[in-house]
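Single-structure report; data block below.
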Amino acid sequence: MAKFNSSTIAFATIIAFGAIGQAAQAGESYVTNRDITSWSRTTTNLTLDSDEWSNGRRDWGSYAYKTYQDGSVTQEIDCYCGGYDVTTTFKDFTFHTASAGETGYETFGSTTKLDGSIFTQSGSDTTEHETAAGNR
């Protein structure tokens, strides 16, 4: 059996622990601890005020006129020296006249009014936390 003195054992121990330490440090160690907070807000304020109006006037007129006669008219002329006589005979004779008229106007109008508000608000709040550790 081989005999080792204390200085040999100490040297071997240093070499062994050094090799183990090198293996543990083969990569890069890291630790991450992060808090992220973000927010956004959108606000819309829309006011509506709309007036619409219309008006007008219409004028009209309508007329009718008619003349007609019924029956017969005859004339008889007697001539004599120094002159003549005219005799006019009306047999069931009627002379008709008719008329009608209409006039007028119309005035109209309308008003439309629209009032209102549209108010919207939307938002987003985000909170994030990350923790990590290890070797790369």
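What the table shows:
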{"quantity": "Among (1) within 30 Å of residue 28 (Cα to Cα); (2) surrounded by fewer than 10 Cβ atoms within 10 Å (Cβ to Cβ); (3) modelled with pLDDT under 80, the one test that residue 132 misses", "calculated": "(3)"}
{"quantity": "Within the stretch 74-106, considering residues that are more than 60 Å from the chain's Cα centre (by Cα) and among the small types (Gly, Ala, Ser), the one nearest to residue 57 (Cα to Cα)", "calculated": "83"}
{"quantity": "Residue list for the stretch 29-86, filter: aliphatic (A, V, I, L, M) and touching a residue at least 12 places away in the same chain (Cβ under 8 Å)", "calculated": "31, 36, 46, 48, 64, 73"}
{"quantity": "Considering residues of the stretch 53-103 that are open to solvent by 70 Å² or more (accessible area, probe 1.4 Å) and small (Gly, Ala, Ser) only, the residue modelled with the highest pLDDT", "calculated": "99"}
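The values are calculated or read from the model by the stated rules, or taken from the named source; none is laboratory data. Owing to the predicted nature of the structure, the values given are computational and were not obtained by experimental measurement. Positions of Cβ are backbone-derived with ideal geometry, glycine not excepted, and every protein chain shown enters the neighbour counts. Just the protein is used for accessible areas: all its heavy atoms, side chains included, with ligands, DNA and RNA removed. Shrake-Rupley method; radii C 1.70, N 1.55, O 1.52, S 1.80 Å.
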